[in-house]
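Engineer: Let me give you the structure first, and then I'll get to my questions.
The values are calculated or read from the model by the stated rules, or taken from the named source; none is laboratory data. Quantities reported herein were computed from a predicted structural model and do not represent experimental measurements. Cβ placement follows ideal geometry from the backbone for every residue including glycine, while neighbour counts extend to all protein chains displayed. Remember, those area values only see protein heavy atoms, side chains included, never the ligands or the DNA or RNA. Shrake-Rupley method; radii C 1.70, N 1.55, O 1.52, S 1.80 Å.
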Amino acid sequence: MYDCIIVGAGPAGGTAAYHLAKRGHSVLVLEKESLPRYKPCGGGVSPAIAKWFDFDFSPAISTKVNTIRYTWKMGDPVQAKLQTPEPMWMVRRDVFDHFLVQQAQKQGAELRDNTEVKGIQFKSDHWQVDTVNGSVTGRYIIAADGAKGPMAKWLGFKDRKRRLAGALEAEAPAKVEDGHIAHFEFGMVKNGYIWNFPKADGYSIGVGTFIGGEPQDFKGILSEYGNLFGLDIKTCKQYGHALCLWNGNQKLHTQNAVLAGEAACVVDPLTAEGIRPSIFSGVKAAEAIDQAIAGDINALECYSQAISDEWGADMAWAQKLAGVFYRVPGIGYKVGVKRPTATQRMGQILCGEMSYGDVAGRALKRLSGSLIPGMGG
C-alpha cells in the first residue's frame, strides 16, 4: 500500500513525486511510455522553477535564451534582450522530464514506466489502480496524465470546463547559428502564433492556435515559416498535440485524489506556457497530500482553492488579454509586442516578478484604445 500513486511522469508528476518522497512518503509513479520518452513541446522553461527545488537543473537544460525576436508575417522584425536575472531555459522534454523523475527516485520514489493504467476503483479508504502489469494500491492518487489522459474522467470530472487548443510541432535537426535567440511569429496563423526555440542540436518549431476558429493548414504554415531559417520542415518529424488551457476556476479534488498539470488545465491561455504551471501544481499537490496523510480533512479542498487563488486569478487576466490580442493581432503587434517594454514585462511575468494583473489593465486599455478612437492612453 503506497501513500500516493502518481499517474504520469511529466513535470507535474515528477515534481509531486520528488516533494512527497522527500517528506518520507512511499510514492509510486506510473508512466505508460518508456522513459526517457519524446513529448512535443516548445521546451521553454522559466528559471523561476528553481526556487521550488534544492538541486541543480543544469544537466537538463539544452541551451539558454536571453533574446527574443518577433516578426509579423515574416517581416517587420523586433528584437529585444531579456532583462531577467537568469536567461530562459530551453529543454528537451525527454531529458527534462526523466531528469525530474530521477531526482524523485533518489529521494526514494518508485517508478514503473511502460505501465499503462487501465482503470481505478475506490475501496473504502484507498485506491486500487489496475495496470497492464497488475494492480497496485495507494491511499491517495495524483492524476497527472496530461491533456488527453483518462484519469480525470475516471475520477468523476466529467462535466468540467475544458478548453483545448491545438498545436503542431516539428523537430528540425540543424546547426544552430544564434542559440540565444527565441523567435515568435504573429500574423501567419489566426488566433495564435508560431515559435522557433533553439536547442543545442536543432530547432523546435511549432504553431499553436489558442482561440477556437476555422481549421488552418498548420503543415503549410510551418513549412513556409521554416524557409526563413533554411529548414525543410517537410522532411522533419512532425507531432500534433492538444493543449489544455486554463478556462476558469474548477474543482481539482475528489475522494483521496487530485488533478495536476495539464489534467488540471493550468496552461497559460495567452502564451501557452505549460511547464512552470504544471510544476507549480505538482508542488501544491504534494503539499496537499502530505497534509491529508497527516490528518487534515480539508487539505485536498485547499489544493483546489490554492490553484484558483495563486494561479487561476492571474490566468483570468491572461485570458482577457488573449481574447483581445488574438482577435486583433495586427493592432496587438503594433501597440503591444513592438513596445520596448513588452518583452521585459513578459520576462518578469514568466519569472514571477510581476503578474498579468499588474499590467493587464493598461494593456487592455491600449488595445481597446487602438480599436476605438479616443479610448487610448
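Engineer: Looking at Lys64, Lys22, Lys39, which one is modelled with pLDDT under 95 and in contact with a helix residue (DSSP H, G or I) (Cβ under 9 Å, 6 or more places away or on another chain)?
Structural biologist: Details: Lys64 fails: modelled with pLDDT under 95; Lys22 fails: modelled with pLDDT under 95.
The unique qualifying residue is Lys39.
Engineer: Inspect all residues belonging to segment 230-239 and state whether any of them is on the phi > 0 side of the Ramachandran plot and touching a strand residue (DSSP E or B) at 6+ places or on another chain (Cβ under 9 Å).
Structural biologist: The first filter runs over segment 230-239 and keeps only residues on the phi > 0 side of the Ramachandran plot, leaving 230.
With touching a strand residue (DSSP E or B) at 6+ places or on another chain (Cβ under 9 Å) added as a condition, the list becomes none.
No, the conditions are met nowhere in segment 230-239.
Engineer: When you scan segment 335-364, how many residues do you find that are closer than 11 Å to Ala80 by Cα and more than 24 Å from the chain's Cα centre (by Cα)?
Structural biologist: 4
Engineer: Oh, and also: Pull up segment 253-304, narrow it to residues that are out of contact with any Pro (no Cβ under 7 Å at 6 or more places or on another chain) and of a type in the set (Ser, Thr, Tyr), then point me to the one that is surrounded by the most Cβ atoms within 10 Å (Cβ to Cβ). Break it down stepwise before answering.
Structural biologist: Within segment 253-304, the subset out of contact with any Pro (no Cβ under 7 Å at 6 or more places or on another chain) is 253-260, 262-265, 269-274, 276-277, 280-281, 283-304.
Checking which are of a type in the set (Ser, Thr, Tyr) leaves us with 254, 271, 281, 303-304.
Values: Thr254: 17, Thr271: 21, Ser281: 31, Tyr303: 26, Ser304: 21.
It comes out as Ser281.
Engineer: Out of all the residues in segment 119-135, which are in a strand (DSSP E or B) and closer than 17 Å to Ala9 by Cβ? Break it down into steps so the answer makes sense when it comes.
Structural biologist: Let us first name the residues in segment 119-135 that are in a strand (DSSP E or B), namely 119-123, 126-131, 134-135.
Result: Val129, Thr131.
Engineer: Let me ask another. Applying the selection to segment 334-343, what residues are buried (at least 17 other Cβ atoms within 10 Å of the Cβ) and within 23 Å of Ser46 (Cβ to Cβ)?
Structural biologist: Gly336, Val337, Ala342, Thr343
Engineer: Same structure again: May I ask you to verify whether Thr209 is polar (S, T, N, Q) and touching a residue at least 40 places away in the same chain (Cβ under 8 Å)? Don't jump to the end; show me each part of the working.
Structural biologist: Details: polar (S, T, N, Q): yes; touching a residue at least 40 places away in the same chain (Cβ under 8 Å): yes.
It is true that Thr209 is polar (S, T, N, Q) and touching a residue at least 40 places away in the same chain (Cβ under 8 Å).
Engineer: In segment 22-33, how many are farther than 14 Å from Asn133 by Cα and either without any contact (Cβ under 8 Å) to a residue 24 or more places away in the chain or open to solvent by 20 Å² or more (accessible area, probe 1.4 Å) (or both)?
Structural biologist: The qualifying residues number 5.
Engineer: Further question: From the set of residues in segment 172-194 that are farther than 25 Å from Met346 by Cα and part of a loop (DSSP other than H, G, I, E, B), which is least open to solvent (accessible area, probe 1.4 Å)?
Structural biologist: Across segment 172-194, the extreme among qualifying residues is Ala174.
Engineer: Quick one: how many residues across segment 218-252 are surrounded by fewer than 17 Cβ atoms within 10 Å (Cβ to Cβ) and assigned to a helix (DSSP H, G or I)?
Structural biologist: 8
Engineer: Hey, another quick one. Would you check if Pro198 is open to solvent by less than 70 Å² (accessible area, probe 1.4 Å) and closer than 27 Å to Gly226 by Cβ? Write out each step before concluding.
Structural biologist: Working: open to solvent by less than 70 Å² (accessible area, probe 1.4 Å): yes; closer than 27 Å to Gly226 by Cβ: yes.
The answer is yes for Pro198.
Engineer: Name the single residue, out of those in segment 68-90 being part of a loop (DSSP other than H, G, I, E, B) and hydrophobic (A, V, I, L, M, F, W, C), that is most open to solvent (accessible area, probe 1.4 Å). Let's see the steps before the verdict.
Structural biologist: From segment 68-90, those part of a loop (DSSP other than H, G, I, E, B) are 73-74, 82-87; that's our starting set.
With hydrophobic (A, V, I, L, M, F, W, C) added as a condition, the list becomes 74, 82.
On the way: Met74: 62, Leu82: 21 Å².
Looking at residues that are part of a loop (DSSP other than H, G, I, E, B) and hydrophobic (A, V, I, L, M, F, W, C), I get Met74.
Engineer: Could you pull out the residue among Asp309, Asp314 that is modelled with pLDDT of 90 or more, surrounded by fewer than 15 Cβ atoms within 10 Å (Cβ to Cβ) and among the charged types (D, E, K, R)? Explain how you work it out, then say what you get.
Structural biologist: Details: Asp314 fails: surrounded by fewer than 15 Cβ atoms within 10 Å (Cβ to Cβ).
Only one candidate qualifies: Asp309.
Engineer: If you go through segment 136-171, how many residues are open to solvent by less than 50 Å² (accessible area, probe 1.4 Å), assigned to a strand (DSSP E or B) and within 25 Å of Leu20 (Cα to Cα)?
Structural biologist: 7
Engineer: Quick one: what pairs do we get from segment 230-243, first residue of a type in the set (Asp, Glu), second in a helix (DSSP H, G or I) and surrounded by 15 or more Cβ atoms within 10 Å (Cβ to Cβ), C-beta under 9 Å, 6+ apart or different chains?
Structural biologist: These pairs meet every condition: Asp232/Ser223; Asp232/Gly226.
Engineer: Please verify whether Thr63 is open to solvent by less than 40 Å² (accessible area, probe 1.4 Å), more than 23 Å from Pro277 (Cβ to Cβ), hydroxyl-bearing (Ser, Thr, Tyr) and over 16 Å from the mean Cα position of the chain (by Cα), treating the condition exactly as stated. Don't jump to the end; show me each part of the working.
Structural biologist: Working: open to solvent by less than 40 Å² (accessible area, probe 1.4 Å): yes; more than 23 Å from Pro277 (Cβ to Cβ): no; hydroxyl-bearing (Ser, Thr, Tyr): yes; over 16 Å from the mean Cα position of the chain (by Cα): yes.
Answer is no for this residue.
Engineer: Just one of Ala306, Ala292 is among the hydrophobic types (A, V, I, L, M, F, W, C), outside any loop (DSSP other than H, G, I, E, B), farther than 30 Å from Trp72 by Cβ and without any contact (Cβ under 8 Å) to a residue 24 or more places away in the chain; which is it?
Structural biologist: Values: Ala292 fails: without any contact (Cβ under 8 Å) to a residue 24 or more places away in the chain.
Exactly one of Ala306, Ala292 is among the hydrophobic types (A, V, I, L, M, F, W, C), outside any loop (DSSP other than H, G, I, E, B), farther than 30 Å from Trp72 by Cβ and without any contact (Cβ under 8 Å) to a residue 24 or more places away in the chain, namely Ala306.
Engineer: So which residues in segment 131-147 are under 19 Å from Ala109 (Cα atoms) and of a type outside the set (Gly, Ala, Ser), if there are any at all?
Structural biologist: Correct list: Thr131, Asn133, Val136, Thr137, Arg139, Tyr140, Ile141, Ile142, Asp145.
Engineer: Something else: For the structure I just gave you, tell me whether Val95 is under 30 Å from Lys199 (Cα atoms), open to solvent by less than 50 Å² (accessible area, probe 1.4 Å) and assigned to a helix (DSSP H, G or I).
Structural biologist: Working: under 30 Å from Lys199 (Cα atoms): yes; open to solvent by less than 50 Å² (accessible area, probe 1.4 Å): no; assigned to a helix (DSSP H, G or I): yes.
Taking the combined requirement at face value, the residue does not satisfy it.
Engineer: Looking at the structure I just gave you, is Ala165 within 21 Å of the chain's Cα centre (by Cα), aliphatic (A, V, I, L, M) and within 30 Å of Gln291 (Cβ to Cβ)?
Structural biologist: On the way: within 21 Å of the chain's Cα centre (by Cα): yes; aliphatic (A, V, I, L, M): yes; within 30 Å of Gln291 (Cβ to Cβ): no.
Here the answer is no, as Ala165 does not meet what is asked.
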